[in-house]
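Just so it is clear, none of the values below were taken in a lab; they were calculated from the coordinates. Keep in mind the model is a prediction, meaning the values are calculated, not measured. Ideal geometry is used to build each Cβ from the backbone, glycine not excepted, and the neighbour counts take in all protein chains shown.
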Amino acid sequence: MNTTLRIRRFNPEQKTPAPFFQEYNLELEASDSVLDGLIKVRETLDDSLALRCSCRGAICGSCGMRINGHAALACKTKIISATKDSQTIHVEPMNNMPVIKDLITDMSPFWEKIRQIQPWLQPSTPIPEAEHVAPAEAMNHLSGVMTCIMCGVCVSDCTVLEVDSKFVGPAALAKAYRFVADPRDDATTRRLTALNEPGGMWDCTRCMECIQVCPKGVGPMDRIMSLRAKGIDEQLPSTTGSRHAEVFTDIIKNKGILDEPMLAVRTFGFRNVRRLIGMIPIAIQSFRHKKIAPSGPLHRAIPGIDQIKRLFKRASVENHTFRNK
Amino acid sequence: MKYAFFPGCVSKGACPELYQSVMQVYPKIGIDLEEMTTAACTGAGVLQEKDPRLGDVINARTFALAEQQNLPIMTICSTCQGVMSQANHRMTTDGEYLAEINQILGEEGLAYRGTTNIRHFIWILLEDVGEDVLRRAITQPLTGLRAAPFYGCYLQRPTEALQFDQHPDRPKALERVIEILGAEVVDFPGKSRCCGFPILTINEKNSLNMVATHTMNAKSHGADIMVTPCPLCHLNLDGMQAKAGNQQNTAIDLPILHLPQLLGLAMDMDPKSLGFNRNFVSPHSTLQKLATVVSS
Ligand code: SF4
Ligand code: SF4
Ligand code: FES
């Protein structure tokens, strides 16, 4: 099929380096991958095109790039699916990392963050001479997160990294979970305490971009949520994020419906009076814009609240052991 | 067509104009609503941070109540929709898990059979009401108005739970409705990104940075207004816009409309009855632009 690859190019060796788009028209099979197309461009049309690839089978993690606006592995993306809306495929380097040349990005910030979470087992007991065996059940649970191929695709599309390069990011947090949930690792509290700091697990905005784009089904955000739940369970020093989750849950349990002002007051409490005072202008504006119901800003509990309270009691983690989902 | 209506906490709390405007427009498009007054909050993904399975139990209760009413559920919030879609997806694709949830519900005499259809108002507009009926309800096409869509993460991802494969109109539902209403779609990169609301209390700087990025970007693409099917996005994009602008040393001034507010405008309804006075960023400029177009 006739396909156009519209590629964002960048050559640092130009006199005044600036990114530009270049289009290549070529014949491709529907079953070809975008990577096949790019290689064909390089081999038949323009040998100056720079890209990174190796395995061509979604294993090595080197061909991450943005295809039609979303990060993906070029070798795993078929031409047929990339041309669903138009015969032109937009190909750009990954986001949230510096571009070296054309489609090649500098992965060093990525590796720095992976290193930051100390991606090695830290047992407190002496390391056994033979294999360090873990229960099969635990390893089954970890198999999903262990399939990460470090491609950087989730990092490319992370909404928080876009505005704050200090955020540790989805890949490193998923990797942190891999060690926190490993029964052979004894540094859980230390790891969670480090992740409890600003820029750590509470800074994720739960946008699900990483879950959607990850080519290996690692589900980084789900791992971040598990880290948060573990942090709350471990009773780490509370953060605005953990208090927010606790207070939110408590309000739903007692009323069935959320009281926003109550959530704010109880989340910030007297620990952060400055933030609480910072909210007064919003409260005044809300009042001015008649956003507040005549009955006042707080709700009465919804009908049926007794049943909800009972379900909370029965279903909550402390009182019910579900199988590990 | 009748629905079990799940208004969500925000339309009952900080965004009363959303509830108000949906109440104005729904009778005009041939649907009927029965409000679910005893259903609890979905947990909004926040309760799920603490205890994800508890969230599923609470949502299963809501689905079971709708099954008893024999009605599909209608939501008016991207977050309510996404959280419910994900919960329903987990339960309907894993019989063993559903059985576990039902064991807990059973003690309250409840059971969820896995049959409840849960949809956002915007999907219902396209899938049930249909373009023809919608067009007939439009008495004042929004010709000349340039509207930027803003979905809210939960109405865009993960695509499997939202059943995008089975419903090809869903990924671009907002663009489709804007076009039907006669306005012009302003496409911009931020439309399916995050508004920043979930981290407003945690990292305000980053959160406001997201507000500024998307609203300023939509404006630079020529948008007169932004429209959203998510009241949480609205809280940040509208409510925090002035502060986000201050952070960038600029005034952004982009009116943010709830989807039913835009619908109501196209039905020639009185802006006050749609709760426009409750929006923080005044939509006055929008109304004026429309008035000029109409009179010219
Ligand atoms: S869910 Fe969190 S980690 Fe994942 S892309 Fe969004 S902000 Fe980043
Ligand atoms: S989590 Fe997924 S997207 Fe992120 S680096 Fe690992 S494999 Fe790539
Ligand atoms: S070339 Fe190895 S993952 Fe694509």
Partner aspartates and glutamates whose C-alpha sits under 15 Å from that of residue A:101, ignoring same-chain residues fewer than 8 away, are A:13, A:46, A:47, A:92
Hull surface over four for the Cα convex hull of the range A:2-105, reported in nm², is 6.3 nm²
The aspartates and glutamates whose Cα lies under 14 Å from the Cα of residue A:40, excluding any fewer than 8 residues away in the same chain, are A:23, A:27, A:29, A:32
Placing one equal point scatterer on each C-alpha of the range A:108-233 and summing with Debye, one gets log10 I(q)/I(0) at q = 0.13, 0.19 Å⁻¹ equal to -0.50, -1.04
Computed for the range A:1-159: size of charge dipole around the Cα centre, +1 on C-beta of each Lys and Arg, -1 on C-beta of each Asp and Glu, debye to nearest 20, value 340 debye
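For a quick protection proxy, order the peptides B:221-232, A:299-310 by their average other-Cβ count within 10 Å, most packed first. Provide the component values of the computation, followed by the final result.
Details: B:221-232: 24.5, A:299-310: 15.5.
Final packing ranking: B:221-232, A:299-310.
Restricting to the protein assembly as shown, what percent of DSSP beta bridges are antiparallel, rounded to 5?
Numbers: 17 of 39 bridges.
In the protein assembly as shown, approximately 45 percent of DSSP beta bridges are antiparallel ones.
Once the Cβ-Cβ distance between residue A:80 and residue B:163 is put in as r, and R0 is 30 Å, what FRET efficiency do you end up with, to the nearest 0.05? Write out the running numbers ahead of the final one.
Details: r = 21 Å, r/R0 = 0.70.
Once rounded, the FRET efficiency stands at 0.90.
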In chain A the cysteines whose Cβ sits 4.7 Å or more from every other Cys Cβ are A:75, A:148, A:151, A:158, A:204, A:214
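Hey, can you rank A:60-71, A:25-36 by average C-beta count inside 10 Å, highest first? Numbers along the way, then the final one.
Values: A:60-71: 21.0, A:25-36: 16.2.
Ranked from most to least packed, the peptides come out as A:60-71, A:25-36.
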A student asked for the Cα radius of gyration and Dmax of the protein assembly as shown in angstrom ought to give 24.8, 86
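In Å, what Kirkwood hydrodynamic radius results for chain A from the alpha-carbon pair distances?
About 23.2 Å, per the Kirkwood formula over Cα pairs.
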Among B:98, B:112, B:189, the residue whose Cα sits farthest towards the positive end of the charge dipole of the range B:77-223, when +1 is placed on the Cβ of each Lys and Arg and -1 on the Cβ of each Asp and Glu, is B:189
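Give me a single rounded figure for B:189-197: the average over its residues of other chain Cβ atoms within 10 Å of their Cβ. Mind showing how you got there, number by number?
Numbers: counts 1, 2, 0, 5, 6, 11, 3, 5, 2.
Across the residues of B:189-197, the mean count of other-chain Cβ atoms within 10 Å is 4.
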Check: C-alpha center the range B:189-233 vs C-alpha center the range B:1-26, spacing in Å is 22 Å
Quick calc: nm separation of the 7 Å Cα→Cβ label points for residue A:166 and residue B:143 -> 5.3 nm
To the nearest 0.05, the calculated FRET efficiency linking residue B:291 and residue A:1 through their beta-carbon distance, R0 being 45 Å, is 0.40
Expressed in nanometres to one decimal, the distance between label points 7 Å along Cα→Cβ at residue A:43 and residue A:236 is 4.9 nm
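If you take each beta carbon of peptide A:240-250 and count the beta carbons of other chains within 10 angstrom, what is the mean? Don't skip to the end; give the middle numbers.
On the way: counts 6, 7, 3, 2, 8, 8, 4, 1, 8, 9, 2.
Other-chain Cβ atoms within 10 Å of each residue's Cβ, averaged: 5.
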Expressed as a whole-number percentage, the relative contact order of chain B with C-alpha contacts under 8 angstrom and at least six residues apart is 21 percent
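Could you work out the relative contact order of the range B:2-119, using alpha carbon pairs under 8 angstrom and six or more residues apart, expressed as a whole percent? Before the final figure, lay out the partial values.
Numbers: 140 pairs, mean separation 37.5, N = 118.
Averaging sequence separation for qualifying contacts and normalising by length gives 32 percent for the range B:2-119.
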Those chymotrypsin sites (Phe, Trp or Tyr not before Pro) from the range A:57-121 that are DSSP loop and have at most 11 other Cβ neighbours within 10 Å turn out to be A:120
Percent relative contact order for the range B:73-135, counting Cα pairs under 8 Å at least six residues apart, stands at 48 percent
Per DSSP, the loop-located GluC sites (Glu not before Pro) within the range B:129-191 having at most 16 other beta carbons within 10 Å are B:160
Here chain B gives, from Cα atoms, an Rg and Dmax in Å of 19.1, 65
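With a ≥ b ≥ c the root eigenvalues of the C-alpha gyration tensor of the range B:133-289, is it rounded (a/c under 1.5), prolate (a/b larger than b/c) or oblate? The partial results should precede the final answer.
Details: a/c = 1.84, a/b = 1.16, b/c = 1.59.
Taking the square roots of the gyration eigenvalues as a ≥ b ≥ c, the range B:133-289 is oblate.
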Between the modelled labels at residue A:122 and residue B:115 (7 Å from Cα along Cα→Cβ) the distance in nm is 5.4 nm
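Calculated FRET efficiency, residue A:139 and residue A:23, Cβ-Cβ r, R0 41 Å, to nearest 0.05?
Values: r = 48 Å, r/R0 = 1.17.
Using R0 = 41 Å, I get an efficiency of 0.30.
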Residues B:97, B:26, A:177 in order from fewest to most other beta-carbon atoms within 10 Å are B:97, B:26, A:177
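Output the peptides B:5-12, A:196-203, A:11-18 sorted from most to least packed, where packing is the average of other Cβ atoms within 10 Å over each peptide's residues.
Numbers: B:5-12: 24.5, A:196-203: 20.4, A:11-18: 8.0.
Answer by packing, highest mean first, reads B:5-12, A:196-203, A:11-18.
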The answer for chain B, counting only DSSP H helices whose Cα atoms cover 18 angstrom or more along the axis and whose Kyte-Doolittle average is -0.5 or greater, is B:52-69
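Which whole number gives the average count of other chain Cβ atoms within 10 Å of the Cβ atoms across peptide A:208-216?
Neighbouring Cβ atoms belonging to other protein chains average 3 per residue here.
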Kirkwood-based Rg/Rh on the Cα set of the range B:2-119 evaluates to 0.98
Taking the alpha-carbon centre of each part, the distance from the range A:83-144 to the range B:248-284 in Å is 44 Å
Subtracting the Cα-Cα distance of residue B:247 and residue B:184 from 0.36 nm times their residue separation yields 19.7 nm
With +1 on the Cβ of every Lys and Arg and -1 on the Cβ of every Asp and Glu, the dipole magnitude of chain A about its Cα centre, in debye rounded to the nearest 20, is 1480 debye
